[in-house]
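The values are calculated or read from the model by the stated rules, or taken from the named source; none is laboratory data. Given the structure is predicted, the values throughout are model-derived calculations rather than measurements. Cβ placement follows ideal geometry from the backbone for every residue including glycine, while neighbour counts extend to all protein chains displayed.
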Amino acid sequence: MDLFVAAFGFGLVSMSVIAIAAVGFTMQFGITNMINLAYGEVMISSAYVAYYLNRAGFTIWVGMAAGALFGAVFSFLLNRILYAPFLRKGTSHLGMVIVSLAVSLMIANLLLPIVGYFPVSYQEDPGRLIRWGSIALTRDQFIIIGIAVVLMLAIHALLTYTRLGKAMRATAANPTLARNCGIPTQRVIDAVWLITGALCGLAGVVAALDSDSFAIANGATFLITVLAAAVLGGAGQPYGAMIGAVLIGMITELSAAAWSPQYKEVVAFGILVLVMVLRPQGLLAKRGALAAAG
Amino acid sequence: MPSRFVFAVGAVLLLAACGGSTPTGNGLGTGALTVGVIAPFTGADAGLGPAYYAACLPAALSINNNGGVGGRMLSCSKFDTRGEPADAVPAANQMVASTSGLMAAIGCTSDEASTVVPIIDRAHIPMFCMTGQSEFNKTPLKYFHRLVPADVYDAYAMVGSALFGPGHAPYKRAALVFGGDIGSQAFVQPATNAFTKLGGTIAINQPIQLGAPSYRTEVQAMLASHPDVIFTEALGSAGTYLKEVKTQNNGQMIPFIGSSATIDPEWFQQVRDAISLNDLLKYYAGVDLGYTFSGAAYTEFLTNLNASASQFADAPKYKQRGSTLHLYDGIIMTALAMVATNSSDPTVYNPKIIDIANGTSGAMVVNTYKDGVAALKAGKSIRFEGAGGQNNFNQWNNSQSGYILVGYDKDGGEVTTGQLTPDQTSRIFAAGGS
């Protein structure tokens, strides 16, 4: 029983990491209509930015801020330079998915000669273990949970209470109508790429910090988990992605406690497939913040 | 007229298909020669491919700097198996089908050996494989060669380190933390058999998914089983796993014993960065084949390895990687077999490799390619003792040698810490069922 309680505590950390990444990914899709398969590579690129700063003597928290900034700028430029021209030419959804897959491969292969293939670690003392019953987490893990909670609340506030958030929701619901109503949709989309890029960059550093050591190949691993959480919650739904993150994070940890850890992701993705069979639109489709009234 | 045209086109196609470096059957032929390095360069076991590539480059330099193989220059080509049988098959087919002058293949790790070895054997290409799988202990495949013992012996050596190693009382409770891949799982059963029959207890057997972002729950379960030692080979994920052991165990490491694959510069760096140099030096013990890292053969290897840095910057890091030394020797022996038989036909020079390695009666011992070629030209038979030491192939092309107990120094160099006595070795073998 103690192991399951401990696994629950670890699940809190896992779901926090996944939530930061999945909310950014799903907002990007929900508002810009772009399934960005390069998301995982932007995450890992940001993790390496933080790594090199950390190696240069900066704390990981400075690296995290730099990673978020890098992710924002990188994502913004990716859209402006690569994705937007294709979209202007009327490239289909499937075509854009292929474009983003190509971008993902290009980033990974450009990064490989710079960072190498082998795992690296941040030089960061995770702090002493804080115990609460069978749950034992480090200071850094509590900080990661805290960052996720603050960011989720901030995303909620952004979408619900700010003019930008309302403009995002309008653009997501019907971009043509939003433009006709005087909403500067291009600037809104730029803002979305900056915000979700920052979430992506931050998520990359947080995931790398949480993993203790990471390598270039982790970009693809991150993407699969993020996609799973986003799809499970309902594609394009930030609150759905949060729920998806909770489920994926918890199931992976609890199943590692219950069965052979070799199969923990198999169990998590098995449940994802089951949900998709029973509810193909995901858990929160048409009920989330970005959905059109339906 | 049309029949002449068809004949002419057919003849041209036939010549084109043959390429420019066709073995003549008599003589060493012309054109470049290639050694295919077929191994994981990406994926969870991506650390293996570079170690093997680092074997090929100095071997090519050693051969090319001494006139090549009958004037034919040697180069190395990488074929990435990703450590997955499904990816390895097309890689092996591509290597066999599209590489001109393919004289040998090296690599073929446990991850992919079962699928690629038959393909390479059917193509009649001599290969030197770094697989420890028991299915190759008595293989009928004539082109397969193995210069390292089967994994079962690596596992026995780890058990020996736990029970008879220096500086500690015999460990009684072991956690088995091996990657879920084919290669790593090969250690589990022999280690379990030998350790339990000699009085130990397996506290937990934990196959882990390599490349996972974290192992918190796995580590918690492992710690809850209260082991006093961890047996491990989890390449690529060792840093993550061991850092979590230290974190969840209140900053204290548990002694851990690694397979011979953990004697690797990338593994050292990864684990050092994760748990600190002091803890790595204090708590790690490994096993390896008994290398001297000295002598004429090793000096030649080291000189050419350092010179290979212009092609592969990390090559010099592999100066004490056992598999790098052995595969280097394998390529040199193959080249010498070609010279000895004066043939570039693998069906002719392949059987000669064993003669070169084991030596025949009255054979002259040589340590370098240059000396080997000189001796052969002087009409002598030779025995090649290379950077990895003496070879003794049995009838199934397996060369066996003994293990030593090792650790690391602060720079990542291998340090011998002990040796198992013949009595200890035979007790472990008997317990393990060998």
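Scan the range A:239-266 and report the pairs whose first residue is under 29 Å from A:F29 (Cβ atoms) and modelled with pLDDT of 80 or more and whose second residue is aromatic (F, W, Y) and crowded, with 21+ Cβ neighbours inside 10 Å, with Cβ atoms within less than 6 Å and a gap of 6+ or a chain change.
Here the result reads A:E253/A:F10, each pair linking the range A:239-266 to a residue that is aromatic (F, W, Y) and crowded, with 21+ Cβ neighbours inside 10 Å.
Go through the range B:55-87 and give me each residue that's touching a Leu at 6+ places or on another chain (Cβ under 8 Å), surrounded by fewer than 22 Cβ atoms within 10 Å (Cβ to Cβ) and not in a strand (DSSP E or B).
If the condition is that a residue be touching a Leu at 6+ places or on another chain (Cβ under 8 Å), surrounded by fewer than 22 Cβ atoms within 10 Å (Cβ to Cβ) and not in a strand (DSSP E or B), then B:N64, B:G68, B:G70, B:G71, B:M73 are the ones that fit.
If you take the residues of the range B:213-226 that are surrounded by fewer than 24 Cβ atoms within 10 Å (Cβ to Cβ) and more than 7 Å from every other protein chain (Cβ to nearest Cβ), which of them is nearest to A:I135 (Cα to Cα)?
B:L223
Looking at (1) free of Cβ contacts under 8 Å to residues at least 40 places away in the same chain; (2) within 17 Å of the chain's Cα centre (by Cα), which is the only condition B:K282 fails?
Just one mismatch for B:K282, condition (2).
In the list B:T247, B:T299, which residue meets the criterion of being over 13 Å from B:G322 (Cα atoms), among the hydroxyl-bearing types (S, T, Y) and modelled with pLDDT of 90 or more?
On the way: B:T247 fails: modelled with pLDDT of 90 or more.
Sole residue among the options that is over 13 Å from B:G322 (Cα atoms), among the hydroxyl-bearing types (S, T, Y) and modelled with pLDDT of 90 or more: B:T299.
Exactly one of these conditions fails for A:N109: (1) touching a residue at least 24 places away in the same chain (Cβ under 8 Å); (2) in a helix (DSSP H, G or I). Give me its number.
It is condition (1) that A:N109 fails.
If you scan the range B:184-198, which residues turn out to be at pLDDT below 90 and out of contact with any strand residue (DSSP E or B) (no Cβ under 8 Å at 6 or more places or on another chain)? First the steps, then the outcome.
So in the range B:184-198, the residues at pLDDT below 90 come out as B:184-186.
Within the range B:184-198, B:A186 is the sole residue that qualifies.
Any idea how many residues of the range B:204-230 are in contact with an Asp or Glu (Cβ under 9 Å, 6 or more places away or on another chain), more than 20 Å from A:L209 (Cα to Cα) and small (G, A, S)?
Going through the range B:204-230 one residue at a time, the tally reaches 1.
Considering only residues that are charged (D, E, K, R), buried (at least 20 other Cβ atoms within 10 Å of the Cβ) and either not in a helix (DSSP H, G or I) or not assigned by TED's automatic domain parsing to the domain that holds B:A54 (or both), which ones fall in the range B:320-364?
Selection gives B:R321 alone.
For the range B:123-139, give me each residue that is part of a strand (DSSP E or B) and either under 20 Å from B:D181 (Cα atoms) or not hydrophobic (A, V, I, L, M, F, W, C) (or both). Reasoning before the result, please.
In the first step, residues of the range B:123-139 are kept if they are part of a strand (DSSP E or B); the result is B:127-129.
Selection gives B:C129 alone.
Filter the range B:240-253 down to the residues that are facing chain A (nearest Cβ under 7 Å) and either at positive phi or among the acidic types (D, E) (or both) and list them by number.
If we filter the range B:240-253 for residues that are facing chain A (nearest Cβ under 7 Å), which is where we start, we get B:240, B:243-244, B:247-248, B:250.
Of everything in the range B:240-253, those that are facing chain A (nearest Cβ under 7 Å) and either at positive phi or among the acidic types (D, E) (or both) turn out to be B:E244, B:N250.
Here are A:V205, A:V231: which of them is of a type in the set (A, V, I, L, M, F, W, C), within 30 Å of A:N54 (Cα to Cα) and more than 12 Å from chain B (Cβ to nearest Cβ)? Before the answer, list the steps.
Working: A:V231 fails: within 30 Å of A:N54 (Cα to Cα).
Answer to the selection: A:V205.
Just checking, how many residues over the range A:127-141 are surrounded by 15 or more Cβ atoms within 10 Å (Cβ to Cβ) and either away from chain B (no Cβ under 11 Å) or free of Cβ contacts under 8 Å to residues at least 12 places away in the same chain (or both)?
1
Pick from A:T185, A:T196: which is at pLDDT 85 or above and either within 11 Å of another protein chain (Cβ to nearest Cβ) or within 13 Å of the chain's Cα centre (by Cα) (or both)? I'd like the intermediate steps shown before the answer.
Values: A:T185 fails: either within 11 Å of another protein chain (Cβ to nearest Cβ) or within 13 Å of the chain's Cα centre (by Cα) (or both).
When all the criteria are applied, what remains is A:T196.
Being touching a residue at least 24 places away in the same chain (Cβ under 8 Å), over 17 Å from B:S323 (Cβ atoms) and not in a strand (DSSP E or B) is the filter here; which residues of the range B:88-110 pass it? It would help to see each step written out before you state the result.
Taking the range B:88-110 and keeping what is touching a residue at least 24 places away in the same chain (Cβ under 8 Å), we get B:88-89, B:91-93, B:95-96, B:99-110.
Then drop every residue that is not over 17 Å from B:S323 (Cβ atoms), which leaves B:88-89, B:91-93, B:95-96, B:99-103.
Across the range B:88-110, the qualifying residues are B:A88, B:V89, B:A91, B:A92, B:N93, B:M95, B:V96, B:T99, B:S100, B:G101.
With respect to B:F301, determine if the residue is of a type in the set (A, V, I, L, M, F, W, C), over 30 Å from A:D212 (Cα atoms) and not assigned by TED's automatic domain parsing to the domain that holds B:K410. So that I can check it myself, show each step before the final result.
Numbers: of a type in the set (A, V, I, L, M, F, W, C): yes; over 30 Å from A:D212 (Cα atoms): yes; not assigned by TED's automatic domain parsing to the domain that holds B:K410: yes.
Yes; evaluated as a whole, the condition is true for this residue.
Taking B:V117 and the conditions (1) out of contact with any helix residue (DSSP H, G or I) (no Cβ under 6 Å at 6 or more places or on another chain); (2) in a strand (DSSP E or B); (3) among the β-branched types (V, I, T), which numbered condition does it fall short on, given that it satisfies the others?
B:V117 satisfies every listed condition except (2).
For A:F10, all conditions in the list (1) touching an Asp or Glu at 6+ places or on another chain (Cβ under 7 Å); (2) within 14 Å of another protein chain (Cβ to nearest Cβ); (3) over 27 Å from B:E218 (Cβ atoms) hold save one; what is the number of the exception?
(3)
Check B:S237, B:S259 and return the single one that is polar (S, T, N, Q), crowded, with 22+ Cβ neighbours inside 10 Å, within 11 Å of chain A (Cβ to nearest Cβ) and within 26 Å of B:P149 (Cα to Cα).
Numbers: B:S259 fails: within 11 Å of chain A (Cβ to nearest Cβ).
Criteria check complete, one pass: B:S237.
Just give me the residues in the range A:13-53 being within 11 Å of chain B (Cβ to nearest Cβ) and in contact with a Pro (Cβ under 9 Å, 6 or more places away or on another chain), in sequence order.
Scanning the range A:13-53 gives A:S14, A:V17.
Within the range B:278-285, identify whether any single residue is away from chain A (no Cβ under 14 Å) and small (G, A, S), and answer yes or no. Give the steps one after another, and end with the answer.
Here is the first cut: in the range B:278-285, the ones away from chain A (no Cβ under 14 Å) are B:278, B:281-285.
Next, only the ones that are small (G, A, S) stay: B:285.
The answer is yes; a qualifying residue exists.
Here is a list: A:A256, A:A241. Which entry is buried (at least 22 other Cβ atoms within 10 Å of the Cβ), more than 13 Å from chain B (Cβ to nearest Cβ) and aliphatic (A, V, I, L, M)?
Numbers: A:A256 fails: more than 13 Å from chain B (Cβ to nearest Cβ).
Among A:A256, A:A241, only A:A241 is buried (at least 22 other Cβ atoms within 10 Å of the Cβ), more than 13 Å from chain B (Cβ to nearest Cβ) and aliphatic (A, V, I, L, M).
List pairs: first in the range B:344-370 and touching a residue at least 12 places away in the same chain (Cβ under 8 Å) and over 17 Å from B:F393 (Cα atoms), second of a type in the set (A, V, I, L, M) and surrounded by fewer than 16 Cβ atoms within 10 Å (Cβ to Cβ), Cβ under 7 Å, 6+ apart or cross-chain?
B:N367/B:A296; B:T368/B:A296
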